[in-house]
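Heads up, the thing below is written out as structure tokens.
Since every read-out is calculated from the coordinates, none of them should be taken as a lab result. Keep in mind the model is a prediction, meaning the values are calculated, not measured.
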Amino acid sequence: MFELPSILTAESLLDKAFGRAAKATATGPDRVGRARNLAVARVRGAGQAIESTLRGYVKGFPSLDAFRHSTASSSTSSWTWAD
């Protein structure tokens, strides 16, 4: 019927996000500027990883309209009419 996406646990999702964030690089005019930009890049990277994963889950699940339609069509196809 529907192929539902596999869902990561909260811990796995955070591990994935922080793993991507750890790869971030940044530039800046001095050491403090680079450190600040790197922290910002890591937070944004983690946020984007979480957001893209969650959006994929939402996109991967069928809409309720499609579910209702398939449920209604499968339940009505087995009906027989008595004379």
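What to note about this one:
- Across region 18-23, rounded Karplus estimates of 3J(HN,Hα) from the backbone phi angles (6.51 cos²θ - 1.76 cosθ + 1.60, θ = phi - 60°) give 6, x, 5, 5, 5, 7 Hz, Gly and Pro being marked x.
- Fully extended contour minus Cα-Cα distance, from T9 to F61, at 0.36 nm per residue: 17.0 nm
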